[in-house]
Amino acid sequence: MEKLKMHSPNLTEDSIAKLAELFPSCVTEARDEQGRMKQAIDFDQLRQELSDHIVEGPKERYHLNWPGKREALLAANAPIAKTLRPCREESVSFDTTKNLFIEGDNLEALKLLQETYLGRVKLIYIDPPYNTGREFIYDDDYRESFDDYLDSSGQRDDQGGRLVANTEANGRFHSDWLSMMYPRLRLAKNLLCDNGVIFISIDDHEVDNLRKLCDEVFGGENFIAQIIWQKVYAPKNSAYWFSEDHDYILVYAKDRVSWRPNKLPRTAEMEARYKNPDNDPRGPWKAADMSARNRYDAGVYPVTCPSGRVIKGPPVGTYWRYSERKFKELDADNRIWWGSDGDNVPAIKRFLSEVSSGRTPQTIWFYKDVGHTQDAKKTLLKYVDFQETENVLNSVKPVELIQRILQLSTSPDGSDIVLDFFSGSASTAHAVLKQNYEDGGRRRFIGVQIPEPLPKPEPELGSIFEMGAKRIKNYAKEVSSEIEDQKAGSIDLGFRVMKIDSSNMRETHYSPDALSQDLISENIDNIREGRSSEDLLFQVLLDWGVDLSLPISRQEMDGKTIFFVDGDEKHMALAACFDLDIDEAFVKLLAEYEPLRVVFRDAGFASDSVKINVEQIFAQKSPNTDVKVI
């Protein structure tokens, strides 16, 4: 019976598997440090396959590089033996909600989510540290000391002397920041669906480097836009040079061809431009210029106004947009406006009923439309009471800003997943709930935040993560009191809190000289002490790639506890039982439910014969069930 691996995916192995499909002759076998056989790449053979397209050695090429890039790539690919542990007491509507709040380092979280949410996330919005030298949610001063930079960039000799006379001193301010972002963006790209998109807030300090980094990770051909957001409503007169009134938002698609932004709603100001002075039965319209500057030989002819005045042709240097024949057809259909006295230069009537119902988004976003930083702080203070003003984050983003991103990139009709792995004060989660409330959508959020302490201790808040969770709880209470009972049931205002922790499985790999009889007897049970059955269940969901937000029910059967994940008794994604003394009678009862997957504890069977017969029992009673153990 196959065992679940119970650790995050090894992305290097995945890359080797992809190369094996393209170049099977380049894949060989080698022994690892423990002497076990593993797949490996024969680079000499791969060079021969790609000989005309390889750049190596001192050859010049365009690429982004920095000290620590290789280590950052290794950090992205290396698997981790960790898990997500459910925390019911901090959650809201744990059993029914589809939203997730994850407490822990976001690099580890992204690795743990690889199997479950691979290619499923519609939108990623992140507001990473800006690398300004000030501490925000994360320690965002990623600058090395000058001496450390010289060492890591290879600019010292063995005696400590400088190898390069004119060093780019600013490089030391950026290398660690790039090393922090690189693996996270690589992992995040895997989670995006084919028509998914990522929006990243940033300022002048790292916008150029972030653009180059995203070109490498997502492909420069998938760049969509660099949006300017007016973040303040008044200039800073204390500024030494210029008042910095804007930030940027970089937009990259997983596949530019597959992604298109939604149209934005038309504004009341735009609607007001349409009138109906001639009571046209087709409704309000506005006059549009009928001349154009592009050469059009058929667009030069005289027209006669209803007043009898003859206009010899279009204005000098222009052409009528339509041929004479088409113009006469439009005039006959009352689509030409000659003015109230019938003596004006002709204009084409654009009817409101015939124009697009939405407007194309632009790359400049003004605070009057999407909010500013003071709005963001006021919103945070509305839902979280602070005793220390220093705890009101400077980097918090307006809910309206993220709602604009949601309107462009998600649909209220689907169950689009929205991910923010720099969750901070939970502005993204707030925006998802608010947008769902306003348009009846079913969007889902996944927020990830490290349990960073607040700048000043608060009596009821221990960390940034707790602050974000409290904000969402209080907003949910407000919304619940405002809407009707029947509507409240259709809006998901809850969230499951998950916390990153060490694996539920004991560490059982020891060197031969470290083994002893006592150690062997202590490791008969491979489950770490203090872990509940629900802890085990969620690690199984992660390992098997099952959605962490699926409904879960717990049932007692024949004295054993069974977890059923998703669906009714005859249509569930997974059934799990981690109790001991499992016998064949119990296995036969469980097989009657015909789950798609079933998992047991490896040491949970009453005897070896039961363990051997489990697969046969399911093969007879539920042949489509995948059976595994932990």
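No value in this document is a laboratory result; all are computed from the given coordinates. Quick caveat: nothing in here was measured; it's all calculated off a predicted structure. Here Cβ is always computed from backbone atoms with ideal geometry, including for glycine, and neighbour counts include all displayed protein chains.
Listing for the model above:
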| read-out | value |
| --- | --- |
| Where labels lie 7 Å past Cα in the beta-carbon direction, separation of ARG325 and ALA17 in nm | 6.2 |
| Cα centroid separation, the stretch 104-122 to the stretch 357-426 (Å) | 22 |
| All Cα pairs of the stretch 268-356, percent lying beyond 22 Å | 29 |
| Dipole-positive endmost among TYR233, CYS214, ILE202 within the stretch 202-241 (Cβ charges, Cα centre) | TYR233 |
| Farthest positive-ward along the stretch 268-356 dipole, Cα basis, beta-carbon charges - from VAL300, ALA268, LEU330 | VAL300 |
| Residues ILE630, ILE464, ILE527 arranged by fewest to most Cβ contacts within 10 Å | ILE527, ILE630, ILE464 |
| Counted charge near LEU213, where neighbours are those whose Cβ lies closer than 12 Å (Asp, Glu -1; Lys, Arg +1) | +2 |
| Sorted by Cβ neighbour density within 10 Å, fewest at the top, the residues ILE617, ILE612 | ILE612, ILE617 |
| Cα centre as origin, Lys/Arg/Asp/Glu Cβ charges: the stretch 252-340 dipole, Debye | 360 |
| Out-of-range pairs (alpha-carbon distance over 30 Å; input LYS82/LYS378; LYS98/LYS263; LYS275/LYS328; LYS236/LYS275; LYS236/LYS378) | LYS82/LYS378; LYS236/LYS275 |
| Neighbour-count ranking [beta-carbon atoms within 10 angstrom, fewest first] of PHE43, PHE618 | PHE43, PHE618 |
| Selection from SER291, ASN279, VAL316 lying farthest towards where the dipole of the stretch 268-356 points positive, charges on Cβ | VAL316 |
| Set of lysines with alpha-carbon distance to LYS212 below 21 Å, sequence-local pairs under 8 removed | LYS59, LYS69, LYS189, LYS254 |
